[in-house]
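See structure below.
The values are calculated or read from the model by the stated rules, or taken from the named source; none is laboratory data. Computed from a predicted structure; not experimentally measured. We place every Cβ from the backbone using ideal geometry, glycine too, and count neighbours over all the protein chains shown.
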Amino acid sequence: MSDTGPTPSGFTTCPVPLSHRTEITVGHGGGGRLTQDLIDRVFRPAFANPGLEAQHDGAMLPFPGGGRLAFTTDSHVVSPLFFPSGDIGKLAVNGTVNDLCMCGARPLWLSAGFILEEGFPMATLEKIVHSMKAAAAAAGVAIVTGDTKVVERGKGDGLYVTTSGVGVIETALTVAPSSIRPGDAIVLSGDVGRHGMAIMATRAGLEFESAIESDCAPLVAPVKALLAAGLEIHCLRDLTRGGLATSLVELAESAKLAIAIDAAKVPVSELVGGACEILGLDPFYVANEGRFVCILPEAQAEQAVKIISEAGPGGPAVIIGGVKAGPAGQVTQRSIIGAERIVDRLSGEQLPRIC
């Protein structure tokens, strides 16, 4: 299958993943098997160190003199640049802020790098920058440094944004996949699939009775509330590329444990569910930018549901499953009719350039 251009329906085709590929494909950026293969074959061997091996949303680093910092970075190539309830600027800020939150950190500072294409409208850039300013203020962070590069006309697709972030970890907990234990419950913060379907509907020109809005939002408030309540948070993970399903597979593999969820308990809005059905997509694999899972002891799960539901965004939160001793790395899903199936990574890219 070709990977060189869009299909008439607005999708970009993606090749079936073959072993030992010699060139980068669109699917390498999708968060599925090809992405993991790229990381395992190229990046992890080259950059091997304890911080990277944690396979978390950010690095958790000791600070000289005591304490810990969280550090993360993310690049944003979303197309189109503007979508219902968001744009590339808001997405860049919230994406990095949320990765810091998933480390149990309080986000403090961001950097912003802009790759601009010659001919990009100045008014559009100003609009995006003001959106970043508003998003940073809402998340309680400051953009303190950055960089700008310009490439020739036709070689940059308008605008790419890279953001990095630093936050302080004020809890004694190690909020990471390595802390997940058998018997833990999995709490989902809200309905899934909104961001990816907002992008896809805009890109494909689909019209519904109501617009599907992205869930792009900062997760500072619910994470702060969970930690302030003294809950024994084992792991947090925001459900971006690859959606809920891929995130759970990543966590199970990193923790070397098994995860089981009940599909009937996972909330999907009627609009998102209908759009996915029309386009032949599974909402469990569709990206989110304001949803996360919280993994903690089962005895504390109901309290976590209450806290997350009150602090938002999204909600109400729900308990969707739990963690088991094995088989290591396996995720299973119980369907509405009671059948059980294994949840795996997608082969390639379901929705390219959604973040």
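Residue count for segment 310-331 under the criterion of being surrounded by fewer than 18 Cβ atoms within 10 Å (Cβ to Cβ) and in a strand (DSSP E or B): the result is 1.
Suppose the filter is touching a residue at least 60 places away in the same chain (Cβ under 8 Å) and in a helix (DSSP H, G or I); does Ala123 pass it? No.
Touching a Leu at 6+ places or on another chain (Cβ under 8 Å) and either outside the structural domain of Lys306 (by TED's automatic domain parsing) or of a type outside the set (A, V, I, L, M) (or both): does that describe His195? Taking the combined requirement at face value, the residue does not satisfy it. Among the residues of segment 54-95, those that are closer than 20 Å to Val220 by Cα, touching a Cys at 6+ places or on another chain (Cβ under 7 Å) and among the hydrophobic types (A, V, I, L, M, F, W, C) comprise Met60, Ala70, Leu91. Of everything listed in (1) farther than 30 Å from Asp262 by Cβ; (2) not in a strand (DSSP E or B), the single unmet condition for Thr163 is (2).
When you go through Gly146, Gly167 one by one, which is the residue that is surrounded by fewer than 16 Cβ atoms within 10 Å (Cβ to Cβ) and farther than 24 Å from His195 by Cα?
None of the others qualify; the one that does is Gly146.
Do the conditions hold for Arg334, that is, is it within 21 Å of Gly280 (Cα to Cα) and surrounded by fewer than 20 Cβ atoms within 10 Å (Cβ to Cβ)? Criteria met by Arg334. Restricting attention to segment 241-281 and to residues that are in a loop (DSSP other than H, G, I, E, B) and either modelled with pLDDT under 95 or not assigned by TED's automatic domain parsing to the domain that holds His195 (or both), the residue that is nearest to Asn94 (Cα to Cα) turns out to be Arg241. The set of residues in segment 27-69 that are of a type in the set (A, V, I, L, M), at pLDDT below 80 and either in a loop (DSSP other than H, G, I, E, B) or under 19 Å from Tyr285 (Cβ atoms) (or both) comprises Leu34, Ile39, Ala54.
If you go through segment 36-60 and keep only what is within 19 Å of Gly165 (Cβ to Cβ) and surrounded by 15 or more Cβ atoms within 10 Å (Cβ to Cβ), you end up with Ala54, Gln55, His56, Asp57, Gly58, Ala59, Met60.
Checked against (1) modelled with pLDDT under 95; (2) outside any loop (DSSP other than H, G, I, E, B); (3) not hydrophobic (A, V, I, L, M, F, W, C), Arg237 meets all criteria but (1).
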